[in-house]
Amino acid sequence: MYIHIVRFKSRLTADEVHERYQSRVAQYRQVPGLLQKYYLHYAASDEHGAVYVWESPEALAAFRASGLGRSIGDVYQVEVRDVREAEVVLTAHPT
């Protein structure tokens, strides 16, 4: 598994960002290789973001090259973006 974490500051209000999250959920459910996506709001700094769980780095690369992946900056009117990626080396699930 591969993790992709995005954090951004938007020119939109928090409500507008959340509305756009909602409007795009169905599209993300169709992305090949995307196992899970968590939408984020950092209330203290009024930033937003997402945590993506991918099958592989190749799946992430394909998403980034897609229209959906390339549209993120414009759709959310991103001012500043921080992007991190990491390979999952171990998982611990509660029993």
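Every number here is computed from the coordinates shown, using simple stated rules; none is lab data. Keep in mind it's a predicted model, so treat the numbers as computed, not measured. We place every Cβ from the backbone using ideal geometry, glycine too, and count neighbours over all the protein chains shown.
Compared with the dominant principal axis of the Cα atoms in the chain, helix 14-28 is inclined by about 40°. Placing +1 on each Lys and Arg Cβ and -1 on each Asp and Glu Cβ, with no other charges, gives the stretch 1-49 a dipole about its Cα centre of roughly 220 debye. Here the stretch 33-48 and the stretch 1-22 have alpha carbon centers that stand 6 Å from each other. Taking the Cα of residue 87, stepping 7 Å toward and past its beta carbon, and measuring to each backbone N in the stretch 9-36: which are under 20 Å? Those under the cut-off are 33-36.
Think of the chain as having a plus end and a minus end, set by charges on the Cβ of Lys, Arg, Asp and Glu; of 35, 48, 66, 66 sits farthest toward the positive end of this dipole. Contact order for the chain, expressed relative to its length and based on alpha carbon pairs under 8 Å spaced 6+ residues apart, stands at 47 percent.
Temperature 4 °C, viscosity 1.567 mPa s: under these conditions the Stokes-Einstein estimate for the stretch 15-60, based on its Kirkwood radius over C-alpha pairs, is 111 µm² per second. The longest part of the chain holding none of the exposed loop trypsin sites (Lys or Arg not before Pro), meaning those outside H, G, I, E and B in DSSP with at most 11 other Cβ atoms within 10 Å, is 30-95. A P(r) calculated from all alpha carbon pairs of the chain, with 10 Å bins opening at zero, reads 15, 49, 30, 6, 0 percent.
Given charges of +1 on the Cβ of Lys and Arg and -1 on the Cβ of Asp and Glu, with all other atoms neutral, how large is the dipole of the chain about its Cα centre, in debye to the nearest 20?
For the chain, the charge dipole is close to 140 debye.
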